[in-house]
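Encoded as structure tokens, the structure appears first; notes follow it.
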Amino acid sequence: MNAPSDKFRERVINAAEAALKAGGSVGPLELFQHMGLLHPVHFDGWRKGNEHYRVLEAWIQAGPEKFGKALRIFGEWVHARGLVPVEASYTRRTLRGVEPLQVTADGHPEREKFYRTHYAPADLNARKTQQLAEKLAKPLDLVVFEKVSEEGNCHECGAELPKGSFLFMEKGQPLCLACADLDHLSFLPAGDMALSRRARKHSPLSAVVVRFSRARQRYERQGLLVTEAALAQAEEQCAADAPERAVRRAQAAVERQAEDREFVQSVIQAIAQQFPACPPDEARSVAARTAERGSGRVGRSAAGRALDPRAVELAVIAHIRHTHTNYDELLMRGTERLDARRLVREEIERVLAGWKRS
Ligand SMILES: [Zn+2]
């Protein structure tokens, strides 16, 4: 009797910890998903408004006993962890506006509130708490698909939907934008982040346009559909504070340059340690090349990797290959790359050995 109950307790607690780590907060629906009692596909379908999953509670694969036990253990865990309640709102953006989603069949207020209540660490600062509350309240975006295939018609009016046209999916069927009541919106291509963010904020109705990339096997964001007025307002704001944003960008660039200089210095030091006899100007050029490839954009972990002794050695070897051997010349003359490498290997070893001596 004792063993299985301990095992179940462990399962509940592991799931709760994983859900908290993944989402920053955890509510019953997240707990059940991480326990494998509610399939994420069903949960997503429900969030997207798929009629099939309308009564989400019915999709939780647990009888009353298991359900109650899991929640009892969850409650004890919340208490032991000192978590505090934060109310999430499950909503969906529809063509009629933002609508609340209900979990139960009858929408019983207390049970709905129970499902909406998430738990989060008590030590979050005000800003983090606000961010979490906003995240929990954020309805899913309307999604418009850019068509990548040739054939297809609007399910409602029968209009052809050629490749490159936009369509909206409703209950698994494609609709042209006119039938979906989205044809009054203008397309704003992705690229200008400030403009996109503002246009979306001002637009009473907006949709994210995505296109499926066969090569990468994922949907990629192409831009937004927003109202003409929202776009105009956003453009006006961006024009007004463009100088300010330019200054911020310039500051960021200066910071990146300082980081790059620091990074170059640490690569030079690493080279000096491993190859004490490497001439300083050559060490500097190896470091500069490494920084060019990596630098501010790659972040700390990649910079750390670049300072790994083996990575330093590889960078030095590449430098020797190009500057102390006739490797490049061999390539120019049409020698196969691997043959060329073989031909210069000895010379590289000789230079490398010389530089290792202090
Ligand atoms: Zn249509």
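Where a number appears in this text, it was derived from the coordinates with a stated rule and is not lab data. What you are looking at is a predicted structure, and each value in this text was computed from that prediction instead of being measured. Note: ideal-geometry Cβ built from the backbone for every residue, glycine included; neighbour counts use all protein chains shown.
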Quiz item: Just checking, which of 134, 170, 160, 150 is closer than 30 Å to residue 85 by Cα, without any contact (Cβ under 8 Å) to a residue 60 or more places away in the chain and charged (D, E, K, R)?
Solution: 134
Quiz item: Which ranges mark the strands (runs of 3 or more DSSP E) fully within region 137-234 that have 3 or more residues being within 16 Å of the ligand (Cβ to nearest atom) and of a type in the set (A, V, I, L, M, F, W, C)?
Solution: 166-170
Quiz item: When you scan region 43-130 for strands (runs of 3 or more DSSP E) that lie fully inside it, which ones turn up with 2 or more residues that are under 29 Å from the mean Cα position of the chain (by Cα) and within 26 Å of residue 205 (Cβ to Cβ)?
Solution: 91-94, 97-100
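Residue by residue, here is whether (1) closer than 25 Å to residue 92 by Cα; (2) touching a residue at least 60 places away in the same chain (Cβ under 8 Å); (3) surrounded by 19 or more Cβ atoms within 10 Å (Cβ to Cβ) holds:
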site	(1), (2), (3)
191	no, no, no
198	yes, no, yes
206	yes, yes, yes
211	yes, yes, no
216	no, no, no
230	yes, no, yes
237	no, no, no
243	no, no, no
Practice problem: Return the residue satisfying two criteria in turn: it lies in region 16-56 and is among the charged types (D, E, K, R) and surrounded by fewer than 19 Cβ atoms within 10 Å (Cβ to Cβ), and of such residues it is farthest from residue 116 (Cα to Cα). | Solution: 51
Quiz item: Residues in region 104-126: is at least one over 17 Å from residue 226 (Cα atoms), among the acidic types (Asp, Glu) and surrounded by 14 or more Cβ atoms within 10 Å (Cβ to Cβ)?
Solution: yes
